[in-house]
Structure formats: structure tokens, C-alpha cells
Amino acid sequence: MAHTAPVPYAPRARTTSTSASRWAGLALLAGIVYGLWVCAIRRDGGPITTGNVMFGVVTGLVFAAVMFALHRIAPSLPRELRALSWATFAGIAFGFLYSLGGASVLRAAVMALVVAAGVFAVMFYRYYTTE
């Protein structure tokens, strides 16, 4: 009887265009959700206006563009700066949403710092353990 050696698993190499297009799609989806959320908070139960919709669209596009740019740039950073950049992004995004709800600037800033600190801790742990 002939025995064969198992064929070693060779993962396919990822191409940058596939990865970039996938992340662009995910960033766009996250931007749409963020824009709808901003639009709903700003509307506050009132009628849907053109200004409100445009505010949500622009906010969602900015969110998606920053998220995509951060995803492209972050892997070249050391783990501390990479975790700090994602924490800053999450803190600013959350603080903006929180301030739209009518909270004071000080309360929105404190809540954004709390969220950013939590994201920093999680992301630093992830990058520290996977490198």
C-alpha cells in the first residue's frame, strides 16, 4: 500500500485590491449606519428635512472616509500608536453622537474619553497579543 503525505495547507495570498475594496465596502456600510444614526438624533422626532438628510449624508461620508484611511494607514504604525489612533477615532465618533443628544460639552467630552480609554485598552491588548 502506498501512503501519501498530507498536502500542506497553503493560504492564498491576499491582494491589496481585494482587501481594499472589501474594507471600502465595510467602511461605506458603517458610514451609512452612522449617517442614519446622526440624522435620526438630529431630527429628534420632527419632520424629515433636506438639511437634516444632507447633514447625515455628509457625516456618514466623512466617517467612512476617515475609517477607511485609518484602516489603510494603521498597520504601518507601532502598536501603541495604532491603538491610540483607533481609540481617538472611536472617542471622537462617540462624542459627536453624544453631543447631538443635547448633552453639555463637558459631559460629551468626558464620555468620549471614557469610550476612547476602553477602546485603547482593548485594541492595545489585541495588538500586543497578536504581534
*At 25 °C and 0.890 mPa s, what whole-number value in µm²/s does Stokes-Einstein give for the translational diffusion of the chain, with Rh from the Kirkwood sum over Cα pairs?*
142
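Give me the dipole magnitude in Debye, nearest 20, for the range 13-93 about the Cα centre, with unit charges on the beta carbon: positive for Lys and Arg, negative for Asp and Glu.
Working: 7 positive and 2 negative charges, 47 e Å.
Rounded to the nearest 20 debye, it is 220 debye.
If you take the C-alpha gyration tensor of the range 19-76, multiply each eigenvalue by 5 and take the square root, what semi-axes do you get, largest first, in whole Å? Mind dumping the intermediate values first?
Working: eigenvalues 146, 16, 12 Å².
Its equivalent ellipsoid spans semi-axes of 27, 9, 8 Å.
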*Helix 105-130 sits at what angle to the longest principal axis of the chain, using alpha carbons and giving 0 to 90 degrees rounded to 10?*
0
*asked:* Below 8 Å between Cα atoms, with a sequence gap of 6+, how large is the relative contact order for the chain in percent?
replied: 22
*Hey, what D do you get for the range 70-114 in µm²/s if you plug the Kirkwood alpha-carbon radius into Stokes-Einstein at 25 °C and 0.890 mPa s?*
219
*Per-residue ellipticity at 222 nm for the chain, helices alone: DSSP H runs ≥ 4 residues times -39500 (n - 2.57), over residue total, nearest 500 deg cm²/dmol?*
-27000 deg cm²/dmol
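Find the relative contact order for the range 19-76 and round it to a whole percent, using C-alpha pairs within less than 8 Å whose residues are 6+ positions apart.
Working: 50 pairs, mean separation 27.8, N = 58.
Contact order relative to length: 48 percent.
Here, each number is a calculation from the coordinates, and none is a lab measurement. Worth saying up front: this structure is predicted, and the values here are computed from it rather than measured. As a convention, Cβ positions derive from the backbone with ideal geometry for all residues, glycine included, and neighbour counts pool all protein chains shown.
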